[in-house]
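Colleague: Starting off with a structure, shown below.
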C-alpha cells in the first residue's frame, strides 16, 4: 500500500509541474527572422528559371521557378532577362522581410549573389554584344601611363603570357561600352598603339565602374589570358576587375 501511495504522489507532482510550465511565446510575425544556417541550400544554391525581376536598387528581386517550387531571391542589381536559367549562390534566408523601397513584405526571400548565366543562348547574346570593339572608331592618340606597371594596348597583347595574372595600368580612350553583362560593365579601350589588322589595337576591360564613349581613363586591373566565359566565347587577353583611377 505504501508503494502505491508513493507512486501516486510522484505522478501528481509531475502533472503539477507540467501544468505550471508556461507555453513558449510565438515569434512576432512582423519581425524579420533570419533562418538557421541549415535552412538555406548553400551547396548548390538556388537554381531555376527566372519568372520575374523587380529592380529596387541596389538589389534586384528575382522570382525563380526551382524544382522545389517558386522562390524569391534578392541579388545585387542585375539586368538579366525573364526566361534565363539562373543560379543564386550562398543564399541566406530571411523570413518576413520588408523592402522599404518596394513597400512590400516577402514571407521568405533569399539574399545571395547571381552566378554567370547558364543559358547558352543568353550568354552568347551578351558576349556577342561585348566581345568586339567598334569597326569605325576614330583615330586615337593617348600618352602612355607612368610607372612600372604601365603598358600600352599593344604591349599588353605582345606581353600577355608574361603579364598573365599580373596587375597593369593603362591610359587609354573608351571606344565602346556594354553595360551590365555578368554584373559588370565591359569597356573597349584604345591608345593609338597596335594595328587593327593584327587585332592588337583594342583591349577589353571589365569593371564595376562607369564610363562613356570618348572618356580618357587611367585604369588598373589584372591581365587574364585565354579566359573562357562559356557559350564559345574565349578572350585571348583582357583586363578584369579594373579600377578607374581618374
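Colleague: Between 58, 41, 32, which is within 14 Å of residue 111 (Cα to Cα), over 18 Å from the mean Cα position of the chain (by Cα) and modelled with pLDDT under 90?
Modeller: 32
Colleague: Cβ-Cβ distance below 6 Å, separation of 6 or more or different chains: which pairs start in region 229-245 with a residue that is at pLDDT 95 or above and end on one that is part of a loop (DSSP other than H, G, I, E, B)?
Modeller: 244/209
Colleague: Also, quick follow-up: So for region 151-163 (the condition being buried (at least 20 other Cβ atoms within 10 Å of the Cβ) and either part of a loop (DSSP other than H, G, I, E, B) or without any contact (Cβ under 8 Å) to a residue 40 or more places away in the chain (or both)), does at least one residue qualify?
Modeller: yes
Colleague: Based on what the data block shows, is residue 116 modelled with pLDDT under 85, under 24 Å from the mean Cα position of the chain (by Cα), under 26 Å from residue 81 (Cβ atoms) and exposed (fewer than 13 other Cβ atoms within 10 Å of the Cβ)?
Modeller: no
Colleague: Still on this structure, I have one more. Checking the condition assigned by TED's automatic domain parsing to the domain that holds residue 166 and at pLDDT below 95, which residue from 210, 193, 222 passes?
Modeller: Residue meeting the stated conditions: 210.
Colleague: Follow-up. State all residues of region 170-212 that are within 19 Å of residue 228 (Cα to Cα), assigned to a loop (DSSP other than H, G, I, E, B) and under 24 Å from the mean Cα position of the chain (by Cα); if no residue qualifies, say none.
Modeller: Residues satisfying the conditions are 182, 183.
Colleague: Would you check if residue 181 is outside the structural domain of residue 89 (by TED's automatic domain parsing) and farther than 14 Å from residue 133 by Cβ?
Modeller: Against the criterion (outside the structural domain of residue 89 (by TED's automatic domain parsing) and farther than 14 Å from residue 133 by Cβ), residue 181 qualifies.
The values are calculated or read from the model by the stated rules, or taken from the named source; none is laboratory data. Model, not experiment: these values are computed from the prediction. With ideal geometry, Cβ positions are generated from the backbone for all residues, glycine too; neighbour counts draw on all protein chains shown.
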